[in-house]
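Coordinate-derived values only; no laboratory data. Quantities reported herein were computed from a predicted structural model and do not represent experimental measurements. Positions of Cβ are generated from backbone atoms using ideal geometry, with glycine treated the same way; all protein chains shown enter the neighbour counts.
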Amino acid sequence: MSNKVVVIFSGGMDSFTVLNRALKDGKEVYALTFDYGQKHVKEIACASKVCEQLGVSHKVIDISAINQLLAGSSLTDDIEIPEGHYEADNMKSTVVPNRNMILLSLAVGYAVSVKASQVYYGAHSGDHAIYPDCRPEFVMKMNDVCQIANYEAVEIFSPYLNDTKSDILTDGLKMGLSYQNTWTCYNGREKACGKCGACQERLEAFADNNTTDPLPYE
């Protein structure tokens with residue numbers, strides 16, 4: 001198996017931990033960040049900064065044109081970002097149609113081109129309630145098809161698939177990571193809102209780990 005891996009790196013705390021887990025595991029990392037027209041574009045700047053600091057190969061790919069096809073998400077359309085916990089029904093407005101299938105497909109294509117054997121992907125159990133494309137059955141089926149979609153088999157690897165965000169942070173803190181250069185809030189303002197589902201889950205993770213989030217909040 002090739003030691004090269006592609007890491008889908010949004011710039012959020014989950015994918016930041018995944019990126020560092022891959023490095024700790026001794027992988028040669030090719031980080032891939034997508035600009036799909038998300039309001040929280042600030043996460044892309046965080047991703048670029050982290051990769052520069054770590055000396056990791058990094059590509060930022062603009063695929064925002066796909067929003068001509070994918071309508072109805074508060075992350076990309078002129079729809080207000082909902083407030084509340086991820087398990088609340090109104091958080092379904094943050095689903096971007098077929099997003100992760102598209103991103104994974106592109107990442108697998110990149111993996112084939114650089115002869116990488118795996119695509120690391122930061123899905124976790126906290127996403128399961130709202131996001132169908134973060135659930136184990138989706139990841140399993142995508143992994144199956146990516147074994148046969150090319151001449152070269154590529155594994156979809158989700159190291160934290162059955163873990164919570166708190167568990168992910170616990171692992172990151174054990175690795176000595178600082179989360180000051182990550183961005184989670186769905187609102188792309190200067191400070192995190194502290195009220196959207198992404199912020200609430202992040203704050204809960206830091207509270208569960210008895211530590212303070214380094215990000216400033218409104």
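List, in the order given, every pair from Lys59/Lys195; Lys24/Lys49; Lys141/Lys174; Lys115/Lys174; Lys174/Lys195; Lys4/Lys49 whose Cα-Cα distance in the structure shown is over 23 Å.
Pairs exceeding 23 Å: Lys59/Lys195; Lys141/Lys174; Lys115/Lys174; Lys174/Lys195.
Other residues with beta-carbon under 12 Å from the beta-carbon of Phe34 carry, at +1 per Lys or Arg and -1 per Asp or Glu, a net charge of -1.
So for each of 202-213, 22-33 I average, over its residues, the number of other beta carbons within 10 Å; can you give me the resulting order with the highest mean first? Write down the numbers at each step before the final one.
Details: 202-213: 16.3, 22-33: 18.7.
My ranking of the peptides, most packed first, is 22-33, 202-213.
Averaged over residues, the count of other Cβ atoms within 10 Å places the peptides 12-21, 142-151 in the sequence 12-21, 142-151, highest first.
Cβ-to-Cβ counts within 10 Å put Ile44, Ile8 in ascending order as Ile44, Ile8, the fewest first. Peptides 169-181, 57-69 ranked from most to least packed by the mean count of surrounding Cβ atoms within 10 Å: 169-181, 57-69.
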